[in-house]
Amino acid sequence: MNTIINFADKTQKSLVLKEKRCENSLIYTLCVSEFEGKAVENIDLMPGFLTANEGDEGYAIIPSGNTGTLLCGFNDKKDGVHTSSGAVMNCFGFRKNGTAYLAICRGCENDLRTRFEVKNGTYSLYAHYEFDGTVPYEDISVEFINLGDADYSAMARRYREYQMKERGCVPIKERAKVQPELSKNVDSVEIRIRLAWKPAPSPYAVQTLENEPEMHVAMTFDEVYDLCLKLKSSGVEKAEICLVGWNMKGHDGRWPQCFPVEEQLGGEEKLRELIKNVRALGYSIVGHTNHRDMYKIAETWSDDDVAVKRDGNLHEHPIYWSGGQPYVACPDASVRFAKDILPKTAELGFEGIHYIDVLTVLPLHRCHSKIHPASTGDTAKAYGEIQKISKELFGGFGSEGPYDFAAKDLDYVLYTSFNLIDDKPALCDEIIPFWQLVYHGIILFNPGTETVNYVVKKPCNRLKFLEFGGRPVAYVYSKFLANHDYEVDWMGSEDLTCNTDAETERSVKAIKQMYDEYAALSHLQYEFMESHNKVSDGVYKTVYSDGTVITVDYNNETYTVE
């Protein structure tokens, strides 16, 4: 194993790590002592045997945050480099000429990026770690497991085994016995309702009480109950309602300020009434909170709570949301916010898989503050504490994305990637359900942004939902960006709305269709996804642990269930 350490002072150190041989695997370890206490920019751990020449049989497997998992063959590719967007999974895979390897990375896992490089007909795959001028906080090791003549499904099954044996992941089948809200939601369609919001992006970076834009109200609490009655009457027996924007000034209104409950929607009394009535219908109902983002308009704002970047400035998000310029909370502050807000939110009566925005969808950040510094490992521990608080108070925890650090206590993912269908990276041949092969039967999930509200989208969106084994998400008023540079909202230009009786009827019909289609397949959420393969161009087969086989045909826009 060749290792290159690039220090922050522009010096470099090269090492050849010794290998430890185990049964069918090699383990290479880089000890903290090798960093000599010096700040590090990045580290490359490059195994010479994960290389191939153009024309070799096989592929590289690269889990990536924005696009899902990439399968990259060794077939006439232009020179280039693909670096994964973050440590979505602490592993990668490689198959060449009949031999497959799964690499499992331990230590400083949240700083991992997987890098695939093509240069002059040579294809290389290796672990790349980004430390942003900090000292790595623990030893790093990479285990390369020889799986023999195996495919990516076998790699995923082996990583699933690791997650259950070493990282504490427990199958839904077992957790459901002791976690009633999870059991209830296995058969439920998720219905997110965006109640109110200010313009996004905000016309002002810093909102004040004087310039704060007017909030648009899409649905009041009374109107939500009317919709739930219509859903129940239509035959939607099992659902979880997630209220987005019930808090002060709506969706992304004034985080970390949450209370008082937004008066324009009906206020706290009406919200308590809604929760009670929805639960009486047999539905779960939860709220949407955010303990990572901060806006200066919040009454609770303090510079001291914001994570600090390497240059000493406060850590801001580049896009203005409804509350203005978002800032990223230091992880200790995130825990403090959650400990204050979540018990008050639960006391309103919410029960179910509580949704906390953003927490699991982005690479974990660090804080360079001299007063409250934090590594990515510290952030993972802080977010893990928030997950546990959510499960204890509400009965479950859900969030926006699929990052590995959260897998042990993650019950539900809003979407596992952003671009499953239309945005394949240059070096990629296929987007494959590698994450789904690992976590189906362990975490409930919707496959991607394109599969939100899939019944009102193209036929290929439904097929992708089925191919990747999802639990359906209906999102009422999902489309909300305005005056922006994006061509469409990231969940699509199609939407479910309730502005008129006709729109409400259309939305209820769409949700009922998703519910009915899912009812025939929801039992599979208790099963592992055992294999996935390409049968022919445009035809894919997914096999589950109970023997169920789902085949999707994108050419004819059809699917079969055996």
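The values are calculated or read from the model by the stated rules, or taken from the named source; none is laboratory data. Note that this is a predicted model, so its numbers are computed, not measured. Because the Cβ atoms are built from the backbone with ideal geometry, glycine has one as well, and the counts that use them run over all protein chains shown. Please note that ligands, DNA and RNA were not included when accessible areas were found on the heavy atoms of the full protein model with its side chains. Shrake-Rupley method; radii C 1.70, N 1.55, O 1.52, S 1.80 Å.
Structural remarks
- In sequence order, calculated HN-Hα J values of segment 393-410 (Karplus, 6.51, -1.76, 1.60; Hz; x Gly/Pro): 7, 10, x, x, 9, x, 8, 7, x, x, 4, 4, 4, 9, 4, 4, 10, 9
- Protection-proxy order for peptides 39-46, 283-290, each taking the mean of Cβ atoms within 10 Å per residue, highest first: 283-290, 39-46
- Take every pair of alpha-carbon atoms less than 8 Å apart whose residues are at least six positions apart; their mean separation over the length of segment 454-526 yields a relative contact order of 32 percent.
- The distance linking segment 201-237 with segment 1-70 is 48 Å (Cα centroid to Cα centroid, whole angstrom).
- Per-residue HN-Hα couplings for segment 202-212 [Karplus 6.51, -1.76, 1.60; θ = phi - 60°; Hz; x = Gly/Pro]: 5, x, 10, 5, 10, 8, 10, 4, 7, 10, 4
- In the chain, the DSSP-assigned H stretches of four residues or longer account for a calculated mean residue ellipticity at 222 nm of -7000 deg cm²/dmol, using -39500 (n - 2.57) per stretch and the full residue count as denominator.
- Across segment 202-302, the mean sequence separation of Cα contacts (distance under 8 Å, 6 or more residues apart), normalised by length, yields a relative contact order of 35 percent.
- Stretchable slack from D226 to Y137, in nm (0.36 nm times residue separation minus alpha-carbon distance): 26.7 nm
- Share of carbon and sulfur in the accessible area of the chain stands at 47%, probe radius 1.4 Å.
- Here is the list for segment 177-212: GluC sites (Glu not before Pro) lying in DSSP coil, each with at most 16 other C-beta atoms within 10 angstrom of its C-beta, are E210.
- Applying 0.36 nm per residue to the separation of K458 and A519 and subtracting their alpha-carbon distance, the gain on full extension is 19.8 nm.
- Integer Hz, Karplus 6.51/-1.76/1.60 couplings in order for segment 440-451, x for Gly and Pro: 4, x, 10, 10, 6, 7, 9, x, x, 4, 5, 9
- Whole-angstrom gap from segment 71-118 to segment 437-509, using each part's C-alpha centre: 29
- Of the chymotrypsin sites (Phe, Trp or Tyr not before Pro) found in segment 488-541, the ones in coil according to DSSP and having at most 16 other Cβ atoms within 10 Å of their Cβ are W490.
- Listed residue pairs exceeding 25 Å between alpha carbons, taken from K38/K119; K38/K165; K424/K479; K270/K344; K276/K479: K38/K119; K38/K165; K276/K479
- Cα centroid of segment 250-264 to Cα centroid of segment 299-365, whole Å: 13
- Cα gyration tensor shape for the chain, rounded if a/c is under 1.5, else prolate or oblate: oblate
- Length gained when the stretch T99-K339 is fully extended (0.36 nm per residue, less Cα-Cα span): 81.5 nm
- Long pairs among K408/K458; K177/K388; K408/K464; K184/K512; K391/K457, criterion Cα-Cα beyond 22 Å: K408/K458; K408/K464; K391/K457
- Segment 254-344: GluC sites (Glu not before Pro) in DSSP coil with no more than 15 other Cβ atoms inside 10 Å: E299
- Computed over the chain: relative contact order in percent, which uses C-alpha pairs under 8 Å that are six or more apart: 14
- With loop membership from DSSP and a limit of 16 other Cβ atoms within 10 Å, the longest segment of the chain without trypsin sites (Lys or Arg not before Pro) is 371-562.
- Taken about its Cα centre, segment 332-414 carries a charge dipole of roughly 320 debye when the Cβ of each Lys and Arg holds +1 and the Cβ of each Asp and Glu holds -1.
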